[in-house]
Structures are given as structure tokens and as C-alpha cells.
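K.L.:
Okay, here's the structure, questions in a sec.
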Amino acid sequence: MKIISVNVGLPRLVLRNDKPVSTGIFKEPVAGRVMMRTLNLDGDRQSDLSVHGGPQKAVYVYPSEHYDFWKQELPDMDLSWGVFGENLTTTGLLETEIHIGDKFRIGTGEVMVTQPRMPCYKLGIRFGRPDIIKRFLLSERSGFYLSVLKEGEVGAGDEFQLLEKNTSGVRVVDVTRLFSTDKENVDLMLRAIATEALPESWREYFLKRLQNPNHL
């Protein structure tokens, strides 16, 4: 379990339907060590803080293992590290194995897994194709966000050292499935609501679904 690439980028203006849109999804690999802070990495920013960034989405992780899948799905695209907007491209950390609430030490910092990434229209901008949003969600290759428990420096090659495994919590992929393909799994939804490390917005969302069966 380690970092393959550290990627950062500042918001830039791009055209969407002939209108300028600010997005921070364009990330590029950087050499050396980078300071990981409670809101982001040094040299990195999010453009729309209403849906991106914040303490529970400080760092976005994407498994390098998924790149081969996407290269087969999108053979005409140049898929270099960071193309999904991730801050850390990793190996050995998969959504089917990582639990919400798992805590790790990386570099000199400490982090906790908080939630999967839900794709928005800006992923469509990055890939130049709106169908990537649905394909990304259904692929269950979402990557996941980290909150920073202790600020510190990270760099390519740093290992993820497991500090605490939250086996009582749901996995990252479970949250994605409850949102997209397993919407009627009440038992899993109750487990998600009981997972304290899952952000309150997600727990409220699932609670409302339970309270209103028509939304299941």
C-alpha cells in the first residue's frame, strides 16, 4: 500500500457549452515532497467549495489498479496519473477492501477514509465526454476521500501504514452501491448510518431514504 504519484493543480477556467467554468480537476504529478494540510495539499485548490474540498474531502485518492480498466474502456485517451483529479495515485488500496473510518499514517501525516467520490459534470469536462459520469459511477471504481488527522509531508513511494481498521463500518464500495445499484438494501443502509466516520450529509441522506420508502 503506497503512493505512486502525488498530483496537484490550481483552478482554471474552461469552456462548457460556450460558458466559462472554473474547475480544479486538472492535476499534474509533482516531484519531491508536498505538505498535506487539513484542507488540501500545498499547491492544490478546489474551485467550488460547496461540493468539493473541505476537511472531509481534503485529499482524493485513486487506485492505480483502475487505470488498466479505463485504458480498455477509453483506448483513445491519454490516461496519465492524476487524470481523474486525484491527489494521490496509489497501489494496494481498493474500494472493496477499504472501510470508511480506516486510519493510516502516510509520510509524516495521518489520515482517515471518509467517503467515495461521486462524479460531477466536471469529470465530463476533463474527459471531454459526458457519458463518463455514469460509467464512472457504475464501474464502482470511485476512489475515495481522506480527512487529514495530522498534517505532514507526503511523496511518491511513501507507504500507507494502517493505524486502525474500522471493520464495524461499511466499505467504500458499499456507499457507492447504496447510492447507485443497491438502493433497497436496508440492512446495509443501517450499517452505513451507524458508521460514525461517514460524513453527516451521507448519513442524513440514507436516513431520509429509510424514512421515505418511496425513495428506496
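K.L.:
Within the set of pairs 6+ apart or on separate chains, which have a first residue in region 131-155 that is within 19 Å of LYS57 (Cα to Cα) and at pLDDT 95 or above, a second that is part of a strand (DSSP E or B) and aromatic (Phe, Trp, Tyr), and C-beta atoms under 7 Å apart?
P.N.:
Cβ pairs passing all conditions: GLY143/TYR60; GLY143/TYR62; TYR145/TYR60.
K.L.:
Let me ask something additional. Could you give me the residue pairs with C-beta distances under 8 Å whose first residue belongs to region 113-130 and is aliphatic (A, V, I, L, M), whose second residue is modelled with pLDDT of 85 or more and in a helix (DSSP H, G or I) wherever it lies, and which are 6+ apart or on separate chains?
P.N.:
VAL113/VAL172; MET118/LEU137; MET118/PHE179; LEU123/ILE132; LEU123/ILE133; LEU123/PHE136
K.L.:
Taking into account only those residues within region 63-110 that are aliphatic (A, V, I, L, M) and over 14 Å from the mean Cα position of the chain (by Cα), which is farthest from GLY152 (Cα to Cα)? Reasoning before the result, please.
P.N.:
First pass over region 63-110, keeping only residues aliphatic (A, V, I, L, M): 74, 77, 79, 83, 88, 93-94, 98, 100, 106.
With the extra rule that they be over 14 Å from the mean Cα position of the chain (by Cα), the set shrinks to 74, 77, 79, 106.
On the way: LEU74: 36, MET77: 34, LEU79: 29, ILE106: 8 Å.
Out of the qualifying residues, it is LEU74.
K.L.:
Please state which of the following conditions GLY85 fails to meet, knowing it meets all the rest: (1) assigned to a loop (DSSP other than H, G, I, E, B); (2) modelled with pLDDT under 95; (3) at negative phi.
P.N.:
The one condition GLY85 does not meet is (3).
K.L.:
Out of the residues in region 49-66 that are surrounded by fewer than 21 Cβ atoms within 10 Å (Cβ to Cβ) and small (Gly, Ala, Ser), which is modelled with the highest pLDDT?
P.N.:
Across region 49-66, the extreme among qualifying residues is SER64.
K.L.:
A further question on this structure: Scan region 159-191 residue by residue and report those that are acidic (Asp, Glu), surrounded by fewer than 21 Cβ atoms within 10 Å (Cβ to Cβ) and outside any strand (DSSP E or B). Can you show your working first?
P.N.:
Just the residues of region 159-191 that are acidic (Asp, Glu), to begin with: 159, 164, 174, 182, 184, 187.
If we keep only those that are surrounded by fewer than 21 Cβ atoms within 10 Å (Cβ to Cβ) too, we end up with 159, 164, 182, 184, 187.
Within region 159-191, ASP182, GLU184, ASP187 meet the criteria.
K.L.:
Name the residue, out of LEU137, LEU198, LEU207, that is surrounded by 19 or more Cβ atoms within 10 Å (Cβ to Cβ) and assigned to a helix (DSSP H, G or I). Steps first, please.
P.N.:
Values: LEU198 fails: assigned to a helix (DSSP H, G or I); LEU207 fails: surrounded by 19 or more Cβ atoms within 10 Å (Cβ to Cβ).
Residue meeting the stated conditions: LEU137.
The values are calculated or read from the model by the stated rules, or taken from the named source; none is laboratory data. The shown structure was predicted, so the numbers you read here are calculated from the model rather than taken from an experiment. Using ideal geometry, Cβ is built from the backbone for each residue, glycine included, and neighbour counts are taken over all protein chains shown.
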